[in-house]
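The values are calculated or read from the model by the stated rules, or taken from the named source; none is laboratory data. As the structure is a prediction and not an experimental result, all values here were calculated from the model. Counting neighbours? That spans all protein chains shown, and the Cβs are built from the backbone with ideal geometry, glycine included. Only protein heavy atoms, including side chains, enter the accessible area calculation; ligands, DNA and RNA are left aside. Shrake-Rupley method; radii C 1.70, N 1.55, O 1.52, S 1.80 Å.
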Amino acid sequence: FGGDDGAEPASVRFTHDADGVVVATDPDTDFGTRFPTGVFRFDPVNGTTLERVSGDDALFADGVSRREPYVVIVTAPGTAARFRITGGLTAEPAPAGDRDARMRAEDAAEVTFWGAAAGGVKVHAPAAAAEVERVAEMLPWFAHDALIHYLAPRGLEQYSGGGWGVRDVCQGPVEFLLALGRFEPVRDLLLRTYATQSADGDWPQWFTFFPRDRGIRAGDSHGDIVFWPLLALAQYLLASEDWALLDEIVPFFHADGDEAAERVSMGAHVGRALSVIEARQIPDTSLVAYGHGDWNDSLQPADPAMRERLCSSWTVTLQVQTAHALALALRACDRTALAIRLDALAARTRTDFQRLLLPGGTLAGFAYFRADRPIQYLLHPSDDETGIHYRLLPMIHALINHMLTPEQARHHVELMRAHLLAPDGARLFDRPPQYRGGLMRFFQRAETSTYFGREIGIMYTHAHLRYAEAMATVGDADAFWLALRQAIPIRLQDVVPNARVRQANTYASSSDAAFADRYEAQERYADVRAGRVPVDGGWRTYSSGAGITFRLIHERLFGLRRGSRTLAIDPVLPRALDGLAIDVTLAGQRVRVTYHVGEVGAGPVALELNGEPLPFEREPNPYRTGAALVAMGEIAARLRPGAANVLTVRLT
């Protein structure tokens, strides 16, 4: 490889012929060291013609290379250019000579693959609801982004590296794969994650998943991390009924390798983690101590003393969710002793949640339990120190996990509408944390970061998606539908008028108000809520949000939650989507699901399969009519092979 004219080699090694361009990996980089013979091939297709290929010299007016790491491809004039890019990191890509036939075959395979990755859904939208077609168009792209996060956890803004964050890999990939009914890779993911558990029962904040990098992992973790692998395991067991997984022998992590590690059953791994949870309670309560932080990485405590006495209400909701789900799973496979222990933990936590974390009837973001002093509530209307009065995360997760009474639920929904919503979606707080030039009082990054974006900019899409899930839980179909559309980047300005142009086929991890600095953000934050400030898309193809969005579309919008023996049917649809129909695969047969939407738009009241009533049981929901639970065997017995099958869903 060398420069185009045979002169001094450019900083990127490439060659080209009449068919395309081949670029070699750089041996002086870590990537090139791992794949010394690796190449990428760029083949022009659909009439695209190459006029010139060169190094970086083409980027400069004087035509002199600065040895920048670029290959410049100049095409003939046209309105569009299309390339097929193939990688050969361990083997040479297929030669270009037979590319036409090969590309036709690959195009057909591509359509099949991405159709399956998107769940095989075909949407038939009512004439007045073309926006739902944008949701369907985005599904393969969300699947694409979710697969990147699962297979190589990094985004376009974090391309240089990345490990599996424990809380991330136990959300996006798990939810994406379970929504597809793909149990085998979830099982594999769980085994890999549990093999990184420390012998003390906790997990690191993140770990690297290639064997060669196994020793590269975080030295500590936030207080919520221990819950995520347990919750993911519970969700998998309840969906798959693969009880044998609990008997799999899995090592704990050992720096000297698996041969030196303690090896126990998955059930014993669970018991070890539960002991960690029980030991980390605020004294005289069943509330979780904050430790090094929670989901919001910007809120790490400034004072180390806060780690043992500060309680995040959001982590408390996660403790209840995990304990309840895991108890259900363990009781279903007759592991009653551990299930009873988990049920007791969930019950105690619910009691203390109501008793200690709802001062004046409004959920506090944090409670500070200092010895011999009254409880100090932060991020609450009574908080006169941080300036923040409402926190989104505990409110939405308390709703999702049914921890509020119906009256409390209505109150908190109204608080969110009044204080936590903006044109681009739900926001983490009612105002940004105060910036004092980098000085800390309560929280580290929130009070020191000069960058106003992601968590600091307080519109983090992941949290917005959980807000959407909370709206589906309470049955607010219009709020759910709006929240979902705010996360779909295709023609986003139709939904978010102050959104700037951004890439339309990729998940954006945040919506960042276009402020010059933290001081301007502080002074003009009211303009964000009023929609007077442009907003940009944040990091792309990053975090577990793409997988979460994918699940929300399948399980909450279309309302099809798949289990090995049960199908939960629970769509949440606005009146505008009355008459929506989708084609999906159920029990191995293609089925058209049609929706008749009533005034509420949530809670199925009747099901028919091929014109006959379909029996179901009811899943409890304290806020609205719950999901319909249908035996997959009943569905399979009523489907007609080779004929049209129609499932009709009628909503309140």
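Go through region 431-467 and count every residue that is in a helix (DSSP H, G or I) and of a type in the set (Ser, Thr, Tyr). Give the steps one after another, and end with the answer.
Filtering region 431-467 down to residues in a helix (DSSP H, G or I) leaves 444-448, 454-457, 461-467.
Right, trim to of a type in the set (Ser, Thr, Tyr) and you get 448, 461, 467.
Qualifying residue count for the region: 3.
Do any strands (runs of 3 or more DSSP E) lying entirely in region 6-108 carry at least 1 residues that are modelled with pLDDT of 85 or more and open to solvent by 50 Å² or more (accessible area, probe 1.4 Å), and which ones are they? Before you say what the answer is, go through the steps one by one.
Numbers: elements: 14-16, 21-24, 39-45, 50-54, 72-75, 82-88.
Where strands (runs of 3 or more DSSP E) fall fully within region 6-108 and carry at least 1 residues being modelled with pLDDT of 85 or more and open to solvent by 50 Å² or more (accessible area, probe 1.4 Å), they are 14-16, 39-45, 50-54, 72-75, 82-88.
Could you check region 180-221 and list, in sequence order, the residues that are farther than 20 Å from residue 263 by Cα and of a type in the set (Gly, Ala, Ser)?
If the condition is that a residue be farther than 20 Å from residue 263 by Cα and of a type in the set (Gly, Ala, Ser), then 181, 218, 219, 221 are the ones that fit.
Keeping to region 214-272, report how many residues are closer than 22 Å to residue 342 by Cβ, outside any loop (DSSP other than H, G, I, E, B) and touching a strand residue (DSSP E or B) at 6+ places or on another chain (Cβ under 8 Å).
Start the filter on region 214-272 by keeping residues that are closer than 22 Å to residue 342 by Cβ, which leaves 221-248, 250, 252, 264-272.
This time we only want the ones that are outside any loop (DSSP other than H, G, I, E, B), so: 222, 227-240, 243-247, 250, 264-272.
From the residues that got through so far, the ones that are touching a strand residue (DSSP E or B) at 6+ places or on another chain (Cβ under 8 Å) too are 222, 239, 246-247, 250, 264-266, 269, 272.
The number of residues fulfilling the criteria is 10.
Taking region 500-510, which residues are touching a strand residue (DSSP E or B) at 6+ places or on another chain (Cβ under 8 Å) and open to solvent by 10 Å² or more (accessible area, probe 1.4 Å)?
Pass one, region 500-510, residues touching a strand residue (DSSP E or B) at 6+ places or on another chain (Cβ under 8 Å): 500, 502-503, 506-510.
If the condition is that a residue be touching a strand residue (DSSP E or B) at 6+ places or on another chain (Cβ under 8 Å) and open to solvent by 10 Å² or more (accessible area, probe 1.4 Å), then 500, 502, 503, 508 are the ones that fit.
Take region 571-602 and flag every residue that is open to solvent by less than 10 Å² (accessible area, probe 1.4 Å) and either among the charged types (D, E, K, R) or farther than 23 Å from residue 638 by Cβ (or both).
If the condition is that a residue be open to solvent by less than 10 Å² (accessible area, probe 1.4 Å) and either among the charged types (D, E, K, R) or farther than 23 Å from residue 638 by Cβ (or both), then 572, 573, 574, 577, 597, 601, 602 are the ones that fit.
Tell me which of these residue 489 doesn't satisfy, since it passes every other one: (1) under 19 Å from residue 550 (Cβ atoms); (2) not in a loop (DSSP other than H, G, I, E, B).
Going through the list (1) under 19 Å from residue 550 (Cβ atoms); (2) not in a loop (DSSP other than H, G, I, E, B), residue 489 breaks only (2).
The conditions are (1) of a type in the set (S, T, N, Q); (2) open to solvent by less than 30 Å² (accessible area, probe 1.4 Å); (3) part of a loop (DSSP other than H, G, I, E, B), and residue 648 fails exactly one of them. Which is it?
That leaves (3) as the condition not met.
Looking at (1) farther than 19 Å from residue 149 by Cα; (2) touching a helix residue (DSSP H, G or I) at 6+ places or on another chain (Cβ under 7 Å); (3) outside any strand (DSSP E or B), find the lone condition where residue 193 falls short.
Only one criterion in (1) farther than 19 Å from residue 149 by Cα; (2) touching a helix residue (DSSP H, G or I) at 6+ places or on another chain (Cβ under 7 Å); (3) outside any strand (DSSP E or B) is unmet by residue 193, namely (1).
Those residues that are within 20 Å of residue 581 (Cβ to Cβ) and touching a residue at least 60 places away in the same chain (Cβ under 8 Å), I need them from region 601-626; list them, please.
Passing the criteria: 601, 602, 603.
On the given criteria, is residue 482 among the aliphatic types (A, V, I, L, M), more than 17 Å from residue 420 (Cβ to Cβ) and either out of contact with any His (no Cβ under 6 Å at 6 or more places or on another chain) or at pLDDT 95 or above (or both)? Full working, then the answer.
Values: among the aliphatic types (A, V, I, L, M): yes; more than 17 Å from residue 420 (Cβ to Cβ): no; either out of contact with any His (no Cβ under 6 Å at 6 or more places or on another chain) or at pLDDT 95 or above (or both): yes.
Judged against the criteria, residue 482 is not a match.
Checking residue 355 against (1) in a helix (DSSP H, G or I); (2) under 24 Å from residue 619 (Cβ atoms): exactly one of these is not met. Which one?
(2)
If you check residue 253 against the conditions, is it more than 28 Å from residue 369 (Cβ to Cβ), of a type in the set (Phe, Trp, Tyr) and surrounded by 20 or more Cβ atoms within 10 Å (Cβ to Cβ)? Give the derivation first.
Details: more than 28 Å from residue 369 (Cβ to Cβ): yes; of a type in the set (Phe, Trp, Tyr): yes; surrounded by 20 or more Cβ atoms within 10 Å (Cβ to Cβ): yes.
So residue 253 passes the test.
Residues of region 54-90 being within 28 Å of residue 105 (Cα to Cα) and of a type in the set (Val, Ile, Thr), which ones? Reasoning before the result, please.
The first filter runs over region 54-90 and keeps only residues within 28 Å of residue 105 (Cα to Cα), leaving 73-76, 78-90.
Across region 54-90, the qualifying residues are 73, 74, 75, 79, 85, 86, 90.
Give the number of residues within region 151-170 that are part of a helix (DSSP H, G or I) and modelled with pLDDT of 90 or more.
Let us first name the residues in region 151-170 that are part of a helix (DSSP H, G or I), namely 151, 166-169.
Now drop any that are not modelled with pLDDT of 90 or more, which leaves 166-169.
Final tally of qualifying residues: 4.
Looking only at helices (runs of 4 or more DSSP H) that lie completely in region 504-613, which have at least 2 residues being within 20 Å of the chain's Cα centre (by Cα), modelled with pLDDT of 95 or more and β-branched (Val, Ile, Thr)?
Numbers: elements: 518-523, 525-529, 545-551.
Filter on region 504-613 gives 545-551.
Restricting the search to region 627-642, which residues are assigned to a loop (DSSP other than H, G, I, E, B) and either touching a residue at least 60 places away in the same chain (Cβ under 8 Å) or open to solvent by 50 Å² or more (accessible area, probe 1.4 Å) (or both)?
We begin by selecting, within region 627-642, every residue assigned to a loop (DSSP other than H, G, I, E, B); these are 627, 639-642.
Result: 627, 640, 641, 642.
Please count how many residues of region 230-248 are in contact (Cβ under 8 Å) with a residue 40 or more places away in the chain and either more than 20 Å from residue 630 (Cα to Cα) or among the charged types (D, E, K, R) (or both).
Looking only at region 230-248, we keep the residues that are in contact (Cβ under 8 Å) with a residue 40 or more places away in the chain, and these are 230-243, 245-246, 248.
From the residues that got through so far, the ones that are either more than 20 Å from residue 630 (Cα to Cα) or among the charged types (D, E, K, R) (or both) too are 230-234, 241-243, 245-246, 248.
Within region 230-248, residues that are in contact (Cβ under 8 Å) with a residue 40 or more places away in the chain and either more than 20 Å from residue 630 (Cα to Cα) or among the charged types (D, E, K, R) (or both) number 11.
Filter region 316-348 down to the residues that are assigned to a helix (DSSP H, G or I) and of a type in the set (Lys, Arg) and list them by number. Lay out the reasoning, then the answer.
Residues of region 316-348 assigned to a helix (DSSP H, G or I): 316-332, 336-348.
Those that are assigned to a helix (DSSP H, G or I) and of a type in the set (Lys, Arg): 331, 341, 348.
With the structure loaded, tell me whether residue 492 is crowded, with 22+ Cβ neighbours inside 10 Å, within 22 Å of the chain's Cα centre (by Cα) and either among the acidic types (Asp, Glu) or more than 18 Å from residue 573 (Cβ to Cβ) (or both) or whether it fails that test.
On the way: crowded, with 22+ Cβ neighbours inside 10 Å: yes; within 22 Å of the chain's Cα centre (by Cα): yes; either among the acidic types (Asp, Glu) or more than 18 Å from residue 573 (Cβ to Cβ) (or both): yes.
Considered against the rule, which asks whether it is crowded, with 22+ Cβ neighbours inside 10 Å, within 22 Å of the chain's Cα centre (by Cα) and either among the acidic types (Asp, Glu) or more than 18 Å from residue 573 (Cβ to Cβ) (or both), residue 492 comes out as yes.
For (1) touching a helix residue (DSSP H, G or I) at 6+ places or on another chain (Cβ under 8 Å); (2) open to solvent by 60 Å² or more (accessible area, probe 1.4 Å); (3) modelled with pLDDT under 95, each residue gets a yes or a no:
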site	(1), (2), (3)
345	yes, no, no
363	yes, no, no
366	yes, no, no
382	yes, yes, no
413	yes, no, no
427	yes, no, no
432	yes, no, yes
438	yes, no, yes
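Please count how many residues of region 597-622 are hydrophobic (A, V, I, L, M, F, W, C) and at positive phi.
So the count comes out to 0.
Whether any residue in region 279-293 is at pLDDT 95 or above, part of a helix (DSSP H, G or I), buried (at least 19 other Cβ atoms within 10 Å of the Cβ) and not aliphatic (A, V, I, L, M) is what I want to check.
No: zero hits.
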